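Here's the structure, in structure tokens; my notes come after.
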Amino acid sequence: MRLPLPIATFLLAAVALPTVAQPAPVSPVADGATPVKLAGGFAFTEGPAVDAAGNVYFTDQPNDRIHKWSTDGKLSVFMEPCGRSNGLCFDADGKLWACADEKNELWKIDVATKEKTVLVKDFGGKLLNGPNDIWVRPDGGAYFTDPLYKRPYWKRGPQEQPQAVYFYSKDGKLSKVDADVKQPNGIIGTPDGRTLYVADFGVGKTHAYDINPDGTLTNRRVFCKQASDGMTIDDAGNVYFTTKGVQVYDKAGTKIAQIDTPDGGATNVCFGGADMRTLFITTGKSLYAVKMRTKGAARQ
């Protein structure tokens, strides 16, 4: 069929339009910056978390210690023993929440006195698998993952709970908010308290959820087809993943940067330092830092 001249001209013009190249994503890493080793010789570093001043606390789980890297570049032992703590997170009041894996508990630690409060020790009378990673939302409620990774130091019987994601409300109520996960691990939320990200190694994906005021989660969707050990977020909304190094995804779930570590891997990550523009990376044996363009988001 012969097209009318105006339509044919339009189609030819459309075909002839040049392809506009999309600009390459801008890496959040500062120009020329690479990870610098701050400390080493640990058994297995995990769970970095930053306080209001920019000091970074991280765990060495096999050695049962929480270490502190201060803003003036000094390393110290903050707590030993520490219940074999794994993931950590500070709340708005400056209390340190810890996934105390030794007895499958959730703790809150007063940093000034080092006094701990056991918030969770079971669910429905059954032991948790081992709280792994945690994020405290702005109103004081907390989400944590509970995967099963058997530990040689456990003195317990068989698994009592399916793996799941939990919510601990500010009034002390524990609820299961996603039981449809295989092996949840890394977890982080946006500073406005509206979106939660949960990595699931069992399916090799990370899901995003809408957060409701009562703690429930809705509108689960795939954020990206990668899981992560630990996670953090910056003030541009980029989400940081840890596996073979650090992977950075923008808010749309598109990978925009890869940060390789000399150790070859990464277990967890957070922003810290006095200006919150340094990314701290635990790699198992060591602690690294790299300067960034972006700034850590509040309640990371």
(Q) Run the reach check for residue 95 against aspartates and glutamates, Cα to Cα strictly under 13 Å, same-chain hits fewer than 8 apart removed. What comes back? (A) 51, 110, 115
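Where Lys and Arg each count +1 and Asp and Glu each count -1, what net charge lies around residue 30 among other residues with Cβ under 10 Å from its Cβ?
Working: positive: 277, 291, 293; negative: 31.
Around residue 30, the surrounding residues sum to +2.
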Q: Rounded to whole Hz and in sequence order, give me ³J(HN,Hα) for region 163-176 from the Karplus expression 6.51 cos²θ - 1.76 cosθ + 1.60, θ = phi - 60°, writing x for Gly and Pro.
A: 5, 6, 10, 10, 10, 10, 6, 5, 9, x, 9, 9, 9, 8
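Run the numbers on the chain and let me know its relative contact order in percent, using alpha-carbon pairs under 8 Å that are six or more apart. Walk me through the numbers on the way to the answer.
Numbers: 799 pairs, mean separation 52.4, N = 300.
Answer for the chain is 17 percent.
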Q) What ranking, highest mean first, results for peptides 284-297, 212-225 when packing means the other Cβ atoms within 10 Å averaged over each residue? A) 284-297, 212-225
Q: Return the sequence-ordered ³J(HN,Hα) values of region 81-90 in whole Hz as given by the Karplus equation 6.51 cos²θ - 1.76 cosθ + 1.60 applied to θ = phi - 60°, using x for Gly and Pro.
A: x, 9, x, 6, 4, 10, x, 10, 7, 8
(Q) What lysines does residue 173 reach when the alpha-carbon gap must be under 16 Å and sequence neighbours fewer than 8 apart in one chain are set aside? (A) 108, 121, 126
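When the Cα atoms of region 29-291 are enclosed in a convex hull and the volume is divided per residue, what value in Å³ results? Present the calculation step by step, with values, prior to reporting the outcome.
On the way: hull volume 31.4 nm³, N = 263.
Once divided by residue count, the hull of region 29-291 is 120 Å³.
From the cross-link list 103/244; 37/244; 103/285, which pairs have alpha carbons spaced over 22 Å apart? Please list the in-between numbers first.
On the way: 103/244 29 Å; 37/244 17 Å; 103/285 24 Å.
Beyond 22 Å between Cα atoms: 103/244; 103/285.
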Q: Normalising by the residue count of region 173-273, find the relative contact order in percent from Cα pairs under 8 Å and 6+ residues apart.
A: 19 percent
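Among 267-277, 141-151, how do they line up by average Cβ neighbours within 10 Å per residue, starting with the highest?
Numbers: 267-277: 22.5, 141-151: 19.5.
With the highest mean Cβ count within 10 Å placed first, the list reads 267-277, 141-151.
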**Q.** Residue-averaged [θ]222 nm for the chain, counting only DSSP H segments that reach four residues, each worth -39500 (n - 2.57)
**A.** -1000 deg cm²/dmol
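Every number in this text was worked out from the coordinates using simple rules, so none of it is lab data. In this text the structure is predicted, and so the values were computed from the model without any measurement. For neighbour counting, all protein chains shown are included, and Cβ atoms are generated from backbone atoms with ideal geometry for every residue, glycine included.
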